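The values are calculated or read from the model by the stated rules, or taken from the named source; none is laboratory data. Values in this document were obtained by computation on a predicted structure and should not be read as measured data. Every residue, glycine among them, receives a Cβ derived from its backbone with ideal geometry; neighbour counts consider all protein chains shown.
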Amino acid sequence: MPVIDQDLHHAINSLRLLSVDMIRVAGSGHPGIALGAAPIIYTLYQNHLKINPADPDWVNRDRFVLSAGHGSALLYSCLFMAGFEITLDDLQAFRKIDSKCPGHPELGKTPGVDCTTGPLGQGLATAVGMALAERYIASYIGSKVKRQELINYYTYVLASDGDLMEGVATEAAAIAGIQGLGKLIVLYDSNDVTLDGELDLSSKEDITKKYDALGWHVDYVNEGNDPKEIDKAIIRAKKVTGKPSLIEIKTIIGRGSYNEGKNIAHGKPLTKDDIDNLRMKMGITTNTMEIEERALKNMRKPIVERVKEEYKPWVEYFNKFKTSSNTDIMKIVRFLEFGEISANFDARNFQIQPNYNEELRESNSKIMNVISDRTPFFLGGSADLSSSCKTNLYKEAELTKQYQLGKNIYFGVREHAMGAILNGMALCGLKVFGSTFLAFSDYLKPAIRMSALMSLPVTYIFTHDSVAVGPDGATHEPVEQLTSLRATPNLDVIRPADINEVIGSWEYILKNKRPTCLIISKQMQHILAGTSSLSVSRGAYIISREQARIDALIISSGTDITTSCLIKEELKALGKDIRVVSMPSINIFLEQQAEYQKEIIPPNVKVIAIETSDKTPWFRFTTPENVLGISDFGLSGDSEDVLKKMEFDYNTIKNKVVELINK
């Protein structure tokens with residue numbers, strides 16, 4: 001064991017014991033990382049992290065992401081020792097309902113937690129987005145303020161072997177290397193063990209060589225129990241510019257316990273006898289869930305001293321900007337203080353000509369570029385499909401290592417990393433978007449789920465929204481994707497019918513504080529009589545009313561609205577009085593008051609739903625036999641031929657509607 005300061009040695013061991021006590025009290029958790037990686041996280045918090053426990057949301061704080069989210073007990077104990085608003089009672093409630101200390105870190109639950117983590121790889125990938133956002137925001141402010149000091153923070157990650165095995169981590173690491181994110185530092189807890197056994201059963205990668213090849217600065221600490229060597233490695237990494245850093249730190253899982261070095265130490269609480277033995281070996285005589293004052297002092301004093309030097313001068317510096325009369329400076333102030341992006345977008349100000357007719361993805365592109373012109377804080381990119389999704393901000397440059405003010409991000413064919421990186425950027429306040437085909441949304445579903453869990457206002461733009469894609473065939477034709485997205489809690493899914501509804505969708509998105517999937521058609525679409533930009537915010541509205549009575553009510557979304565309106569007009573000649581409801585967003589409609597829902601869809605009315613997608617979401621409004629949808633994978637061929645083969649061409653749908661009304 002390396003020779004270290006006895007007070008420091010005692011404090012690190014106190015952190016270890018507090019963490020394993022939490023896990024034993026909870027009856028579940030992960031003691032292996034708590035015992036092995038304690039010196040890493042302790043050294044980082046004590047000596048390096050620019051934080052203020054009294055102001056955990058300080059906008060210029062360093063960010064820390066526990067990508068190895070199973071080490072939550074270690075993080076919560078560390079935050080308590082660092083002086084955040086967490087008590088021993090909070091730690092005692094680890095993994096209990098409504099606790100400040102949930103099983104894995106969750107944004108908004110625990111002071112000092114900067115990101116929800118748990119699914120391995122997501123944290124590291126999200127941290128890439130945080131670092132990218134820091135550089136962009138700092139560069140923008142730097143273009144308006146000489147030698148700006150408002151934003152200049154680091155993003156740190158504690159990652160495990162499991163994190164680095166996940167594909168999303170490698171995808172994101174490749175982007176970090178290309179972008180040259182010098183303020184991203186990953187501390188790799190390298191213990192050569194996974195849950196199921198030794199690491200070499202499933203991986204024989206040389207991580208340092210791999211990350212070196214990805215354009216990273218790499219370093220190595222042979223003894224993960226030596227805080228001095230860890231400290232030196234972090235200092236070296238902070239001196240590196242133009243490259244992200246990965247420090248491999250060799251540790252022993254479950255260090256000091258009976259199961260030291262074994263996979264069983266990963267996720268099984270230590271026995272009382274094992275913990276008692278640890279206390280004896282460490283020379284610590286506290287009872288369960290107790291900690292000595294000198295351990296707290298050892299952690300908190302250096303943090304308080306650093307805060308004095310950095311926090312107060314920053315606040316005074318920021319306050320000077322609040323008195324500025326410069327418009328650009330005040331936009332920066334409102335962004336940093338309140339999260340405002342100052343886009344000044346009002347759907348009522350758009351006047352669309354009645355003969356307007358173009359692909360809906362082109363309409364969406366125009367609205368996105370209007371937004372981009374009005375705010376510097378709106379940016380994003382595509383998984384190598386911007387030319388097909390039409391999501392390029394055509395007045396803006398690419399965001400690169402060389403030009404850090406670009407607003408078009410080239411993610412490459414890396415959908416999953418795109419989603420996670422967008423989450424990191426949104427965590428830093430930016431209004432971001434990413435795009436790909438709807439059929440490929442499955443590639444980034446885990447990142448979308450994390451957006452929803454954290455309630456991050458990320459906009460996912462999914463084009464090519466139905467089997468009408470045609471010639472590309474079943475692999476590119478979405479069927480079940482809308483259902484999957486609509487089933488995700490806290491996620492808005494909007495499928496607009498025309499440019500009016502696209503405008504309304506963006507007004508909703510810009511005012512909203514949760515993630516949105518915007519489903520956009522590739523098909524030509526003219527402006528429809530009766531569509532309403534303002535009504536999108538209510539999820540559904542009447543686009544075409546009945547004349548006297550309601551013989552049937554047709555609900556649709558997206559381009560299927562055109563079909564529904566045409567059918568209504570044809571059935572009018574047959575004496576049928578039809579109401580057509582446009583429902584761009586099922587979940588938003590279901591959040592409206594019951595009175596409004598009944599006004600749009602009255603009870604005891606025959607309801608028919610039409611959508612070129614899976615039928616399931618519409619069962620809540622009508623019986624399954626009254627839903628006209630797609631129940632099989634698509635086909636390769638001309639769009640009209642595909643729809644006809646799948647019995648979803650106009651005439652077939654019309655005849656089915658007549659049959660249902662007369663039934």
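Given the options ILE185, ILE175, name the one that is among the hydrophobic types (A, V, I, L, M, F, W, C) and either farther than 27 Å from ASP442 by Cα or surrounded by fewer than 20 Cβ atoms within 10 Å (Cβ to Cβ) (or both).
The unique qualifying residue is ILE185.
Let's see how each residue does on (1) touching a helix residue (DSSP H, G or I) at 6+ places or on another chain (Cβ under 7 Å); (2) in a helix (DSSP H, G or I); (3) crowded, with 18+ Cβ neighbours inside 10 Å:
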| residue | (1), (2), (3) |
| --- | --- |
| CYS101 | yes, no, yes |
| THR110 | yes, no, yes |
| VAL113 | no, no, yes |
| LEU132 | yes, yes, yes |
| SER143 | no, yes, no |
| ASN152 | yes, no, no |
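Screening region 41-64 for residues that are in contact with a helix residue (DSSP H, G or I) (Cβ under 6 Å, 6 or more places away or on another chain) and either of a type in the set (A, V, I, L, M, F, W, C) or at pLDDT below 95 (or both) and picking the one that is surrounded by the fewest Cβ atoms within 10 Å (Cβ to Cβ) gives VAL59. Against the numbered list (1) assigned to a loop (DSSP other than H, G, I, E, B); (2) surrounded by fewer than 18 Cβ atoms within 10 Å (Cβ to Cβ), LEU566 comes up short only at (1).
Cβ-Cβ distances below 8 Å connect the following pairs, each with a first residue in region 253-276 that is buried (at least 16 other Cβ atoms within 10 Å of the Cβ), a second residue that is among the hydroxyl-bearing types (Ser, Thr, Tyr) and in a loop (DSSP other than H, G, I, E, B), and a separation of six or more residues or different chains: ALA265/SER257; PRO269/SER28; LEU270/SER257; LEU270/TYR258; ASP274/SER257; ASP274/TYR258; ILE275/THR288. Summed over region 582-600, residues that are surrounded by fewer than 23 Cβ atoms within 10 Å (Cβ to Cβ) and within 20 Å of ALA529 (Cα to Cα) total 1. Listed conditions (1) exposed (fewer than 15 other Cβ atoms within 10 Å of the Cβ); (2) not in a loop (DSSP other than H, G, I, E, B) are all met by THR323, apart from (2).
In this structure, GLU310 qualifies as over 30 Å from ASP161 (Cα atoms), outside any loop (DSSP other than H, G, I, E, B) and not aromatic (Phe, Trp, Tyr). Against the criterion of being under 30 Å from ALA169 (Cβ atoms), exposed (fewer than 14 other Cβ atoms within 10 Å of the Cβ) and not aromatic (Phe, Trp, Tyr), GLY242 qualifies. Apart from one condition, LEU628 fits all of (1) surrounded by fewer than 22 Cβ atoms within 10 Å (Cβ to Cβ); (2) modelled with pLDDT of 95 or more; (3) out of contact with any Gly (no Cβ under 6 Å at 6 or more places or on another chain); the exception is (1).
On the stretch given as region 601-615, residues that are crowded, with 17+ Cβ neighbours inside 10 Å, more than 19 Å from SER521 (Cβ to Cβ) and out of contact with any strand residue (DSSP E or B) (no Cβ under 6 Å at 6 or more places or on another chain) total 1.
A quick yes/no check of all residues on (1) β-branched (Val, Ile, Thr); (2) crowded, with 24+ Cβ neighbours inside 10 Å; (3) touching a helix residue (DSSP H, G or I) at 6+ places or on another chain (Cβ under 6 Å):
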| site | (1), (2), (3) |
| --- | --- |
| GLY434 | no, yes, yes |
| LEU438 | no, yes, yes |
| TYR460 | no, yes, no |
| ALA474 | no, no, no |
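When residues in region 569-579 are screened for being crowded, with 23+ Cβ neighbours inside 10 Å and either within 11 Å of VAL657 (Cβ to Cβ) or outside the structural domain of THR612 (by TED's automatic domain parsing) (or both), 1 of them pass.
Counting the residues of region 487-509 that are hydrophobic (A, V, I, L, M, F, W, C), more than 24 Å from LEU427 (Cβ to Cβ) and buried (at least 23 other Cβ atoms within 10 Å of the Cβ) gives 4.
Can you tell me which residue within region 190-235, out of those that are surrounded by fewer than 20 Cβ atoms within 10 Å (Cβ to Cβ), in a loop (DSSP other than H, G, I, E, B) and not charged (D, E, K, R), is modelled with the lowest pLDDT? Among those that are surrounded by fewer than 20 Cβ atoms within 10 Å (Cβ to Cβ), in a loop (DSSP other than H, G, I, E, B) and not charged (D, E, K, R), it is SER203. Do we have any residue at all in region 291-314 that's surrounded by 14 or more Cβ atoms within 10 Å (Cβ to Cβ), under 23 Å from SER139 (Cβ atoms) and hydrophobic (A, V, I, L, M, F, W, C)? Within region 291-314, one or more residues are surrounded by 14 or more Cβ atoms within 10 Å (Cβ to Cβ), under 23 Å from SER139 (Cβ atoms) and hydrophobic (A, V, I, L, M, F, W, C).
Looking across region 238-288, just one residue is part of a loop (DSSP other than H, G, I, E, B), of a type in the set (Lys, Arg) and touching a His at 6+ places or on another chain (Cβ under 8 Å), and that is LYS243. Among residues of region 193-206 that are assigned by TED's automatic domain parsing to the domain that holds GLU166, those with a Cβ under 6 angstrom from a residue that is assigned to a loop (DSSP other than H, G, I, E, B) and of a type in the set (A, V, I, L, M), sequence gap 6+ or separate chain, pair up as VAL193/ILE253. Only a single item in (1) surrounded by 20 or more Cβ atoms within 10 Å (Cβ to Cβ); (2) of a type outside the set (Asp, Glu); (3) in contact with a strand residue (DSSP E or B) (Cβ under 8 Å, 6 or more places away or on another chain); (4) closer than 20 Å to SER342 by Cβ is not met by ASN512, and it is number (1). Per the conditions (1) closer than 28 Å to ASN263 by Cα; (2) in contact with a Leu (Cβ under 7 Å, 6 or more places away or on another chain), the sole criterion not satisfied by PRO244 is (1).
Among the residues of region 596-616, count how many are under 34 Å from the mean Cα position of the chain (by Cα), in a helix (DSSP H, G or I) and not aliphatic (A, V, I, L, M). Matching residues across region 596-616 total 3. Is it the case, given these coordinates, that ILE291 is over 32 Å from the mean Cα position of the chain (by Cα), outside any helix (DSSP H, G or I) and modelled with pLDDT of 95 or more? Against the criterion (over 32 Å from the mean Cα position of the chain (by Cα), outside any helix (DSSP H, G or I) and modelled with pLDDT of 95 or more), ILE291 qualifies. For region 533-585, residues that are at pLDDT 95 or above, among the small types (Gly, Ala, Ser) and over 34 Å from the mean Cα position of the chain (by Cα) total 3. Contact annotation: residue pairs with Cβ atoms under 7 Å, 6 or more positions apart or on different chains, pairing a residue in region 317-333 that is outside the structural domain of TRP58 (by TED's automatic domain parsing) with a partner that is acidic (Asp, Glu), are TYR317/GLU149. In region 1-99, counting only helices (runs of 4 or more DSSP H) that sit wholly within it, the ones holding 1 or more residues that are of a type in the set (D, E, K, R) and in contact with a Ser or Thr (Cβ under 8 Å, 6 or more places away or on another chain) span 6-26, 88-92.
Being under 30 Å from TRP58 (Cβ atoms) and free of Cβ contacts under 8 Å to residues at least 24 places away in the same chain is the filter; apply it to region 338-355 and report the residue that is surrounded by the most Cβ atoms within 10 Å (Cβ to Cβ). Taking the candidates together, the pick is GLU340.
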